[in-house]
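The values are calculated or read from the model by the stated rules, or taken from the named source; none is laboratory data. The model shown is predicted, which means the values in this text are computed figures rather than measured ones. Neighbour counts run over all protein chains shown; Cβ positions are idealised from the backbone, glycine included.
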Amino acid sequence: MSTITEKIKPLSFESALEELESIVERLSGGEPQLEELLKLYEEGIAYLNHCQSRLGEAEAKIRLLSTQISTPKAAEDNNG
C-alpha cells in the first residue's frame, strides 16, 4: 500500500471529502509546477477512491438494513 493510502485509510468520508475539495481548489486556483500538479492529482485520486469506497460501504449497509424492515402488509399477515 502506498503512503498516501495508509494516510487516508482511517479518515472518515467527510474528512476525505474536505481534503479532496482542498486539492481541487489548489489545482484550479493557480499555476503549480508540473511535479506539484502530478502529486496533487495522485493524492486527489486516492481521496476520491477512499470516498467512493466509504459510500459503497454505506450503500451496502443501507441495503442490508432495508431488507430487515418489514413491510406493513407482511406485518398485517402475521397479526391476523
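Worth pointing out:
- When T67 is tested against the conditions (1) among the β-branched types (V, I, T); (2) touching a helix residue (DSSP H, G or I) at 6+ places or on another chain (Cβ under 6 Å); (3) without any contact (Cβ under 8 Å) to a residue 24 or more places away in the chain, the lone failure is (2).
- Scanning segment 36-63 for residues that are without any contact (Cβ under 8 Å) to a residue 12 or more places away in the chain and not acidic (D, E) gives L37, L38, K39, I45, N49, Q52, S53, G56, A60, K61, I62, R63.
- Members of segment 15-27 found to be touching a residue at least 24 places away in the same chain (Cβ under 8 Å) and either surrounded by fewer than 14 Cβ atoms within 10 Å (Cβ to Cβ) or touching a His at 6+ places or on another chain (Cβ under 6 Å) (or both), listed by number: A16
- Count - residues of segment 28-69 that are at pLDDT below 90 and either of a type in the set (K, R) or surrounded by 10 or more Cβ atoms within 10 Å (Cβ to Cβ) (or both): 1
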